[in-house]
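Working notes, beginning with the structure itself.
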Amino acid sequence: MEKLTALGKMAADIAHEIRNPIICVGGFARRLLSDESLNEKQRKYVNIISEEAIRLEAILQDVLVFSKETHVRFEQCNVNAIIKGALELLDLEIHDKDIEVNTFFFKDLDTIYADMQQLKQVFINLLTNALQQVAEKQGRINVMTYNTLSLKGGVTIEVSDNGGGIPAEIIDNIFNPFFTTKGTGTGLGLAIIRKIIENHHGNINVRNRPGVGVTFVINLPGDPRDAGQQELQNAAA
């Protein structure tokens, strides 16, 4: 654990040092793209620089988000509305990849106290992960919400996909920081999700069907500020 903490701090320090230069590179590349004197070949190369700078900025942001202590700003939230907002941000990618997204929102879902922006980040990360899993298939993602029966005032969110599931040999590592099986990214997406959920005194579990798909189940308390809600961390999906 000490080595992991030290690694996280070192990564954060490096991210801070290189973030501004990367932002400058991306900014100047985007300015160059507006130059009408560029020929087709030059425009192609500048566009690559711009896109890669944006990708690096996103990676650095993940590192910084994961490494710093975040303050949770509790306010009354409608989880259905937050998920709808996340889906709207991903709408273009969903349609470009021709992915079927089905939502099953419980009409009378309880309002909870949570950090709206942090929960939005959770759902963006989780849905983005699902989109990547189903991209090469006839993709289907299901999102379901309902009131948590085991704890008054809590809500449960399930995000399922038909992306083939997670290999059994790596399932225990998927929430570990910097663990990834992809050629790109930091391996921090799921780690950030778990950190945010735990900061809300909730939990996230996985129902995995290798060769079929995976379901992530998130349980959130109605009001994490109540000491009695601590038991949710031991609740099963």
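Read-outs throughout are calculated quantities, based only on the coordinates presented, and are distinct from any laboratory measurement. Everything quoted here is computed from the prediction, not taken from an experiment. Backbone-built Cβ (ideal geometry, glycine too); neighbour counts: all protein chains shown.
List of remarks:
- 13 Å beta-carbon shell around residue 225, net charge (K/R +1, D/E -1): -3
- Ascending count of other beta-carbon atoms within 10 Å, so fewest first, for 140, 31: 31, 140
- The alpha carbon radius of gyration of the stretch 75-234, expressed as a multiple of 2.2 N^0.38 Å, is 1.01.
- Pairs of lysines in the stretch 75-234 whose Cα atoms sit within less than 19 Å of one another amount to 8, provided the residues are eight or more positions apart or on different chains.
- Put a dot 7 Å past the Cα of residue 37, heading toward its Cβ, do the same for residue 75, and the two dots end up 4.8 nm apart.
- Residues 77, 24, ranked from the fewest to the most other C-beta atoms within 10 Å, line up as 24, 77.
- FRET efficiency, residue 106 to residue 30 (Cβ-Cβ, R0 41 Å, nearest 0.05): 0.45
- Distance between the modelled labels on residue 54 and residue 205, one decimal in nanometres: 3.9 nm (7 Å Cα→Cβ projection).
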